[in-house]
Every structure is written in structure tokens, then in C-alpha cells.
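Structure record follows, encoded as C-alpha cells.
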């Protein structure tokens, strides 16, 4: 293990949650193609929803009326709510006519002529997250573009600090409004601040220091974790981990592959969220443990040793390929998911070929169980 000593559990809203955890994407209150009961039966203990998208539909007022997202989707476990900042940044980057980022927040245009606008502020994000009723709330931050020059770096870090400070003030106001005694109330939700500054040492160090001075329950890996040539930037992730004290809760936002997760866990990260397993399932890609394994690793130490010695401890297959048409074996002999226990590669191949919706369900179940099993091993 690294010099970091990550926590093995944390408490929020009076409940204790084990760590590490992988949170699948439930942007609008649903993990696509599965019910909440089907997701939790796979060993998934939490999910992440998107604040901005839920603010648009079904809306804050309806979520409040219905008792929050957990009651709405009948979800018993952990819920983290993304602030919506990265999604808004992505939309505006793709089409600047949709809005712009300013010091007050994110300006969004509702018509092509940009005559009608709406300002989404850090305070708005926090109010919406209380309507959602999440266990971990995330401050709105100004995502640092990978190609940012010095001026944009400074702007991103300054705004992220300012928005985090405003978020915490609104968070504390909302605590009182919703019947909590304040920041020291053990039954309150947690507040997380993402660290920005891309891979620039001075700016990321400044961002972390300013956020630590304000004080939050958890800190996120903000920014783009890839090098200019598209390689995953582990050095960048290690730097970010070292900037927060032990035993901090470190949330690896938007990460990642099984290999990413294992390496970042060793750095001290304990919460991960990523669209890969569910999105890949819809595109025929299924994760598998290496065929060379006689049995799965039993403990975190076993898995870390295995991942250090070899990069092929896991793999993937594309079930739509022709040679699976007559394959009567399960997707993975070491997997205990409902798909592997009941169906063959040939059947799943057939379902994808005829474009049957059941294909997405069975594939998603398998990939999520792979990630859940990964977390179970890392918790051992």
C-alpha cells in the first residue's frame, strides 16, 4: 500500500457506508435498463445522480414533494449528487451558443438568439441537491480545461475557491432550513469540493490549500486525468491525493477502468464513479477476469499484488463477434452474476443481434457485478 491510509467507512445522514465504493451513473434517477432492486442485488451500494439534469426534470419542487430521489427511485443505499458543473462545461464547450461561464456562475441561453438567459449559481446547485436529498453533495466548480493558459488556470482556480466558499455558506443555511443543527450535526449530508488546476503543480497545490482552508468533508479529483497524447495520467492523480490529509475521503470523479481504480485505491482514493461499465454494456463490451486465474484474489493485498505484476489480470470481450454465436459457456467462469449463472455467450450474442432490449439488461448486470466484486475484494 502507499503512504496514504484511506478510511474504510464514513457516515452521512446517520448511516454508515463502507469504503471503497464504485457508484454507477444514475444521472436522472435510474441506472439504465435496471431497477433499483436489480442494481443493489448485484452488490452495488451507491449511485451518482446529476444535479442539473434532475433540476430540469423532474424538477426541485416535485422532488421535494416526493420525498427526494431515494424515495422516488426506491433506492436504499448511498446517493452522491454531481453538481452539474462538468456537464454544463461540456455542453458549452461543444456549443458556445448554449451559454458561458462567468464569475457569478454558469449562464445558459434558452434560445438560439441568446436573448433569454438563466444563471445557474453555486447556491442554486446546493439548493437543488437538498431537494434531491443526497448523502454526498458536490460544490459547483469551474473545470480547468486541459489546454488552459495561465490566465484561464488562475480564473478556474479562483472561481473554484469562490464557488466552494459560497457553496458551503449556502450548505450551512440549508442545513438549518432542513432541520439539522448545523455543520457539527452527525446526521447531516456531507459536502465535497473538487480540486482544480489541471496537472500544473502550483495551481493545483493552491486550489487544494484554499479548499482545505475553507474546510470540507471530502475532496474530489477535479479536471481531466489524461495526458496530451491520451494516456491516463497517474502522476496527476497521485499529486492530487497527496494534497489532502489522511484520512481524507478522496473521490476520483469520473474514474475509471478497473486498472485505474486499483491504482488510485492504492494512492488513497476510496470513491469512484464512471459510465464505462454501463455504457460499454450497451455497446457489446463485457468485462472478464483473466482466464489464467484459477480463482479470484481474496483480499485487497492479493489484488494489488496481481495488478502490480501484470496488466492483464482482467480483460474484455465483444459479445457481438461471430465466434460467440455457438459458444455455450458463460461470459466469465469466475462471475456469479445472474447473467453468467443462467445464460450462455451464444444466447447473449443472439439477443444483441436481434436488438432485443433484454440484451442491455443482461450485459449491464454482468459489468456492474464485475465492478461490485472488485470493490468487495478491495474492502477485504
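The values are calculated or read from the model by the stated rules, or taken from the named source; none is laboratory data. Treat the numbers as computed from the prediction; the structure is a model and nothing was measured. As a convention, Cβ positions derive from the backbone with ideal geometry for all residues, glycine included, and neighbour counts pool all protein chains shown.
When we screen 100, 64, 70 for residues that are touching a strand residue (DSSP E or B) at 6+ places or on another chain (Cβ under 7 Å) and closer than 19 Å to residue 124 by Cβ, the only hit is 100. Within the range 292-320, being over 27 Å from residue 6 (Cα atoms) and without any contact (Cβ under 8 Å) to a residue 24 or more places away in the chain holds for 292, 294. Could you tell me whether any residue of the range 213-227 is more than 18 Å from the chain's Cα centre (by Cα), outside any loop (DSSP other than H, G, I, E, B), surrounded by fewer than 20 Cβ atoms within 10 Å (Cβ to Cβ) and without any contact (Cβ under 8 Å) to a residue 40 or more places away in the chain? Within the range 213-227 (the criterion being more than 18 Å from the chain's Cα centre (by Cα), outside any loop (DSSP other than H, G, I, E, B), surrounded by fewer than 20 Cβ atoms within 10 Å (Cβ to Cβ) and without any contact (Cβ under 8 Å) to a residue 40 or more places away in the chain), the answer is yes, since at least one residue qualifies. Against the test of being surrounded by 16 or more Cβ atoms within 10 Å (Cβ to Cβ), under 30 Å from the mean Cα position of the chain (by Cα) and closer than 16 Å to residue 287 by Cβ, the options 369, 379 yield a single qualifying residue, 369. Across the range 108-120, the qualifying residues are those that are in contact with a helix residue (DSSP H, G or I) (Cβ under 9 Å, 6 or more places away or on another chain) and either part of a strand (DSSP E or B) or assigned by TED's automatic domain parsing to the domain that holds residue 159 (or both), and the one among them that is farthest from residue 173 (Cα to Cα) is 109. Being outside the structural domain of residue 365 (by TED's automatic domain parsing) and on the phi > 0 side of the Ramachandran plot: is that true of residue 220 here? Spelling it out, it is not the case that residue 220 is outside the structural domain of residue 365 (by TED's automatic domain parsing) and on the phi > 0 side of the Ramachandran plot.
Select from the range 294-320 the residues that are assigned to a loop (DSSP other than H, G, I, E, B), in contact with a helix residue (DSSP H, G or I) (Cβ under 8 Å, 6 or more places away or on another chain) and either surrounded by fewer than 17 Cβ atoms within 10 Å (Cβ to Cβ) or outside the structural domain of residue 362 (by TED's automatic domain parsing) (or both) and list them in ascending order. Write out each step before concluding.
Narrowing the range 294-320 to residues assigned to a loop (DSSP other than H, G, I, E, B): 294-299, 310-313, 319-320.
Okay, now just the ones that are also in contact with a helix residue (DSSP H, G or I) (Cβ under 8 Å, 6 or more places away or on another chain), so 296-299, 311, 313, 319-320.
298, 299, 311, 320, listed by residue number.
Taken across the range 127-137, residues that are outside any helix (DSSP H, G or I), in contact (Cβ under 8 Å) with a residue 40 or more places away in the chain and surrounded by fewer than 23 Cβ atoms within 10 Å (Cβ to Cβ) do occur, with at least one present. Looking across the range 230-252 at every residue that is assigned to a loop (DSSP other than H, G, I, E, B) and under 18 Å from the mean Cα position of the chain (by Cα), the one that is modelled with the lowest pLDDT is identified as 248. Here 6, 76, 58 are screened, and the one residue that is crowded, with 21+ Cβ neighbours inside 10 Å and over 21 Å from residue 164 (Cα atoms) is 6. With respect to (1) touching a strand residue (DSSP E or B) at 6+ places or on another chain (Cβ under 9 Å); (2) part of a loop (DSSP other than H, G, I, E, B); (3) farther than 16 Å from residue 141 by Cβ, the lone exception for residue 272 is condition (2).
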